[in-house]
Amino acid sequence: MTTKPGKIYLVPTPIGNLGDITHRAEEVLSQVELVACEDTRKSGNLLKKLGLKKRLISYHDFNESRRAAQLLDIVQKGQDVAVITDAGSPGISDPAYRVVRTAIDNNIELIPLPGPSAIIPALTASGLPTDRFFFEGFLSNKSVARKRRLSQLVELSHTIVLYESPHRIHKTLADVLEILGDRQVCLSREISKKFEQHIRGDVSLILEQIRDRTVKGELVLTIAGYGITSKKERDER
């Protein structure tokens, strides 16, 4: 008798506020035999808060190819697996792509769940056009490569959404000012957490506001697309 393969569920986890977990995500996590996660300690704490005790296996950028093969073997033996990350949707600036690709290539049923992500809250709160946007993820941590990539986005009319780290945000904003010009931006930090904040204005204004400050927390930078005038330009008309 041939064993029916299990399924792989892509389960988003809260980016800050535990209340953002969906009922469906909890239900899936309670039913699967194995949870594949970036950090077993962090995910173990999350599951504990949800009142769940599950077998965990770690996967991250450095072992994802090997883990993908192991997960495939587990699923082919009939077990269901949930893939989660430390926060947000698996595969969005986080590992999961290789797991997904392996599942597809081997005809394993893949079920992605909707749920928490920092991209949409930051975009909708920015005050910038939301009908078309371009998600860039993280820019390079090297200045030359970062500027080169920004120069490729100069004439993009879509609103641009970036992830950024606190220790690099000042340099990134300075590069945005130099390459893209003094556009409208929104710097969102700690989305869904106690100290959530959205700082809006032209790049030069935001840079001035945070010049002598240490910006903390998870950051999303939303930038006006080409052709959207800055406040300074509007005031000068």
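Of the candidates ILE119, ILE108, ILE92, the single residue that is surrounded by 14 or more Cβ atoms within 10 Å (Cβ to Cβ), farther than 30 Å from GLY227 by Cα and in contact (Cβ under 8 Å) with a residue 12 or more places away in the chain is ILE108. State all residues of segment 16-54 that are closer than 12 Å to THR85 by Cα and either aromatic (Phe, Trp, Tyr) or in contact with an Asp or Glu (Cβ under 7 Å, 6 or more places away or on another chain) (or both); if no residue qualifies, say none. Scanning segment 16-54 gives GLU38, ASP39, LYS42. Count of segment 56-89 residues, restricted to those that are buried (at least 17 other Cβ atoms within 10 Å of the Cβ), among the charged types (D, E, K, R) and modelled with pLDDT under 95, is 2.
Residue-wise test of (1) part of a helix (DSSP H, G or I); (2) exposed (fewer than 14 other Cβ atoms within 10 Å of the Cβ); (3) modelled with pLDDT under 95.
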{"site": "THR124", "(1), (2), (3)": "yes, yes, no"}
{"site": "PRO129", "(1), (2), (3)": "no, no, no"}
{"site": "LEU162", "(1), (2), (3)": "no, no, no"}
{"site": "LEU173", "(1), (2), (3)": "yes, no, no"}
{"site": "ARG200", "(1), (2), (3)": "no, no, no"}
{"site": "LEU207", "(1), (2), (3)": "yes, no, no"}
{"site": "GLY217", "(1), (2), (3)": "no, no, yes"}
{"site": "GLY225", "(1), (2), (3)": "no, no, no"}
{"site": "ILE228", "(1), (2), (3)": "no, no, yes"}
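Selection over segment 1-40 of residues that are modelled with pLDDT of 95 or more and basic (Lys, Arg) gives a count of 2. The set of residues in segment 95-105 being of a type outside the set (Ser, Thr, Tyr) and crowded, with 17+ Cβ neighbours inside 10 Å consists of PRO95, ALA96, ARG98, VAL99, VAL100, ALA103. Restricting attention to segment 131-156, the residues that are in contact (Cβ under 8 Å) with a residue 40 or more places away in the chain, assigned to a loop (DSSP other than H, G, I, E, B) and surrounded by 13 or more Cβ atoms within 10 Å (Cβ to Cβ) total 1.
GLN209 fulfils the conditions (1) free of Cβ contacts under 8 Å to residues at least 40 places away in the same chain; (2) under 25 Å from ASN17 (Cβ atoms) except for a single criterion, (2).
Of all residues in segment 9-51, which are without any contact (Cβ under 8 Å) to a residue 24 or more places away in the chain and hydrophobic (A, V, I, L, M, F, W, C)? Reasoning before the result, please.
Pass one, segment 9-51, residues without any contact (Cβ under 8 Å) to a residue 24 or more places away in the chain: 19, 23, 27, 30, 40-41, 44-45, 47-48, 51.
Passing the criteria: only LEU47.
When segment 175-198 is examined, which residues are found to be in contact with a helix residue (DSSP H, G or I) (Cβ under 8 Å, 6 or more places away or on another chain), in a strand (DSSP E or B) and closer than 17 Å to PHE138 by Cβ? Selection gives VAL185, LEU187, SER188. Inside segment 114-140, residues that are out of contact with any helix residue (DSSP H, G or I) (no Cβ under 7 Å at 6 or more places or on another chain) and under 19 Å from ILE15 (Cβ atoms) make up a count of 14.
The values are calculated or read from the model by the stated rules, or taken from the named source; none is laboratory data. Being a predicted model, the structure only gives us computed values, none of them experimental. Cβ sites come from the backbone with ideal geometry, for glycine too, and all protein chains shown count toward neighbours.
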